[in-house]
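A single structure is presented below for examination.
The values are calculated or read from the model by the stated rules, or taken from the named source; none is laboratory data. Remember, it's a predicted structure, so these values are computed and weren't measured experimentally. Ideal geometry is used to build each Cβ from the backbone, glycine not excepted, and the neighbour counts take in all protein chains shown. For accessibility, only protein heavy atoms count, side chains too; no ligands or nucleic acids. Shrake-Rupley method; radii C 1.70, N 1.55, O 1.52, S 1.80 Å.
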Amino acid sequence: MPASLLDRLAALADPRGRNGRQYGLVPLLGLCLVGTLAGHTTLTATAHFGRLRGHRPGHALGFTRGTMPCPNTLSDLLRDLDPDHLDRIIGPWVADRHPGGWGHLALDGKVVRGSRDAEVPGTHLLAAYAPHAAAVVAQVTVEATTNDAWCRDTGPSF
């Protein structure tokens, strides 16, 4: 049986320093996943979701001290996490659940929300979406000037 996503997330390097680490990496990421699956789109809502659920669900995620993290704890972790390593964990996990292959892939480019600044155009991502799996199976950062013609002519190496 394939490893669970939480088991695989344990392979991520924890970007936080040793001092002040109150919660484990996997429980924090697990709370983010469960909160997202429950429809929460902000870290404040995800943290509030965790606190409202009480000790039993928190303990199942790995919060053994009876407390849940605040939004700043989630934000600090996600900001420092290595997104490429996270992609290398999630992509194969999704692939294990679809041994027949992806079928068709849809490519779509987006600017990461909140990454645009006065002179900085923002971070552009090109994602490969597998409709059969209902999941993004890979994504790469591309230049701001990239357009659809680049995808047809050279294509990304996912």
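List the number of the failed condition for H55; all other conditions in (1) under 28 Å from A130 (Cα atoms); (2) over 17 Å from the mean Cα position of the chain (by Cα) hold.
The single condition H55 does not satisfy is (1).
While we're looking at this one, here's another question. When residues of the range 1-40 are filtered for being within 13 Å of L86 (Cα to Cα) and among the β-branched types (V, I, T), how many remain?
The total comes to 1.
Which number in (1) among the acidic types (D, E); (2) in contact with a Leu (Cβ under 6 Å, 6 or more places away or on another chain); (3) under 30 Å from E143 (Cβ atoms) marks the one condition that D108 misses?
(2)
Considering only the range 123-145, state which residues are farther than 23 Å from I90 by Cβ and either at pLDDT below 65 or open to solvent by less than 50 Å² (accessible area, probe 1.4 Å) (or both).
Answer for the range 123-145, where residues must be farther than 23 Å from I90 by Cβ and either at pLDDT below 65 or open to solvent by less than 50 Å² (accessible area, probe 1.4 Å) (or both): A144, T145.
Also, quick follow-up: What about G66, is it assigned to a loop (DSSP other than H, G, I, E, B) and out of contact with any strand residue (DSSP E or B) (no Cβ under 7 Å at 6 or more places or on another chain)?
Here the answer is yes, as G66 does meet what is asked.
Further, regarding this structure: Of all residues in the range 7-32, which are open to solvent by 60 Å² or more (accessible area, probe 1.4 Å) and in contact with a Leu (Cβ under 8 Å, 6 or more places away or on another chain)?
Within the range 7-32, A10 is the sole residue that qualifies.
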